[in-house]
């Protein structure tokens, strides 16, 4: 999608303005993840954190000398780390999907 400035467009109504803003936001999110060093870093770290949580969870021994209660606490911490990473990836993914959907709807909006 070509990016355009909102100031140069005469919108039919507020819905068209919102669709345009959502489409632009989705494209900016995609570009942030693909080209910006911070976007690349955050996405990479989220993936690594999620993968590390899987590795760490497999190391937890519920039959260890500290017992199942300690293992449950460890797993809870590990799951929380994985959930933060998963949420980040989900949020940026949702922004891109919503942007793509808004772009498709915008293409058909004035027809």
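The numbers here are math on the coordinates, done by the rules we state, and not lab data. Because the structure is predicted, anything quoted here is derived from the model rather than measured. Cβ placement follows ideal geometry from the backbone for every residue including glycine, while neighbour counts extend to all protein chains displayed.
Principal-axis analysis of the Cα atoms of the chain puts helix 14-35 at an angle of about 50° to the longest axis. The order of 91, 65, going from fewest to most other C-beta atoms within 10 Å of their C-beta, is 65, 91. Taking other Cβ atoms within 10 Å as a rough exposure proxy, 77, 38 sort from fewest to most as 38, 77. Applying 0.36 nm per residue to the separation of residue 83 and residue 31 and subtracting their alpha-carbon distance, the gain on full extension is 16.3 nm.
Measuring nothing but how far apart in sequence close Cα pairs (under 8 Å, 6+ apart) lie, relative to its length, the chain scores a relative contact order of 43 percent. Among 81, 72, 17, the residue with the largest mean-square fluctuation in a Gaussian network model of the chain, with springs joining Cα atoms closer than 10 Å, is 72. Two numbers describe the Cα atoms of segment 13-109: Rg and Dmax, which are 19.5, 66 Å. Calculated mean residue ellipticity at 222 nm for the chain: -28500 deg cm²/dmol, from DSSP H runs with n ≥ 4 weighted as -39500 (n - 2.57), summed, divided by the residue count and rounded to 500. Using a 7 Å offset from Cα along Cα-Cβ at residue 52, what residues in segment 79-106 end up with backbone N under 19 Å from the label point? Residues 79-90 qualify, since their backbone N sits under 19 Å from the label point.
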